[in-house]
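Comments concern the structure below.
The values are calculated or read from the model by the stated rules, or taken from the named source; none is laboratory data. For clarity, every value in this text was computed on a predicted model and none was experimentally measured. Every residue, glycine as well, gets a Cβ built from its backbone with ideal geometry; the counts of neighbours run over all protein chains shown.
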Amino acid sequence: MGITSLLLILFTVVVSYRGFKDTGFYNKYKFRVDAVLWYKDYKRLVTSGFLHVSWMHLIFNMIVLVFFSGSLEMYLGPVRFIVIYFSSLIGGDLLSLLIHKKDYDYESVGASAAVNGVLFAAIALFPGMDINLLFIPIGIPGWLFGFVYVLFSMYGIKSNKNNIGHDAHLGGALVGLLVAVIMQPSSIINNTWVIAVIAIPSILFIYLIITRPYLLLIDNYFFNKHSDGLTIDNKYNIQQTNKQQELDKILDKINKKGIKSLTAREKQALEEYSK
């Protein structure tokens, strides 16, 4: 493992630990659709990648990064490795933003998009490598793992059955693969079919999401129909009204009883509104 990936892991552990202990810190830097689209808080596209929901979530991502970062960083160098890592992280969040742009309260955290970018960059450059999974005693060829993983991510996005960010995973993987290919154009000639079997289905799937979401039954993402009958604009206006009402109550309490009368939650809310 190279020094760059080691520093990334250490920084991610420190930031994630802070997020475990400090809810305000976690909420300030997590990826959230309304924060990015409405409040233009674009830093969350990056900062969310250094937060995790649990120790298990964090440890799993860091283990995968340890396994696949060494050869890639040694082969490409630390600067290009960093470019792949952060490009994949941002690419994964941008695909999530695209898919969930009608779900203003959608949120996510985790380094999975960046880690997948590193993994799929390695697959693009070293398709013959074996990938060992914990529950399978034999190695799986990298190209086969990549193809199956892409199909699994597509199914996860389409079904929307769990709380896993399949969209960020797929976006990060595709960006990592494409950036690696751009950095090493010779891989297109040497590993043409491997790159094609992973990239073409992914790009086609994203194209269908953008142009024909009804074919994939992703109605709740790209149309204004929701179970409560409200559009994202309606929900945003309601949210703003509720915030204003809460702020008015806090200010009224300060006027009557002084600022020392505020609870910890009210003080935190006031600080957020003041920004």
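Would you mention how many residues in segment 89-109 are farther than 19 Å from V150 by Cα and of a type in the set (G, A, S)?
Count: 1.
Identify, please: which residue in segment 181-224 is among the aromatic types (F, W, Y) and surrounded by fewer than 12 Cβ atoms within 10 Å (Cβ to Cβ) and is, among those, modelled with the highest pLDDT? First the steps, then the outcome.
If we filter segment 181-224 for residues that are among the aromatic types (F, W, Y), which is where we start, we get 193, 205, 207, 214, 221-223.
Adding the requirement that they be surrounded by fewer than 12 Cβ atoms within 10 Å (Cβ to Cβ) leaves 193, 207, 214.
Numbers: W193: 88, Y207: 85, Y214: 64.
Going through the qualifying residues, I end up with W193.
Among the residues of segment 179-201, count how many are in contact (Cβ under 8 Å) with a residue 40 or more places away in the chain and within 20 Å of Y85 (Cα to Cα).
Qualifying residue count, segment 179-201: 8.
Say we look at segment 1-50 and pick out the residues that are touching a strand residue (DSSP E or B) at 6+ places or on another chain (Cβ under 6 Å) and not in a helix (DSSP H, G or I); which of these is surrounded by the most Cβ atoms within 10 Å (Cβ to Cβ)? Give the derivation first.
Within segment 1-50, the subset touching a strand residue (DSSP E or B) at 6+ places or on another chain (Cβ under 6 Å) is 30-32, 44, 48.
This time we only want the ones that are not in a helix (DSSP H, G or I), so: 30-32.
Details: K30: 18, F31: 27, R32: 21.
Only one residue tops the list, namely F31.
If you scan segment 73-103, which residues turn out to be within 19 Å of L7 (Cβ to Cβ) and in contact with a Ser or Thr (Cβ under 7 Å, 6 or more places away or on another chain)?
E73, P78, F81, I82
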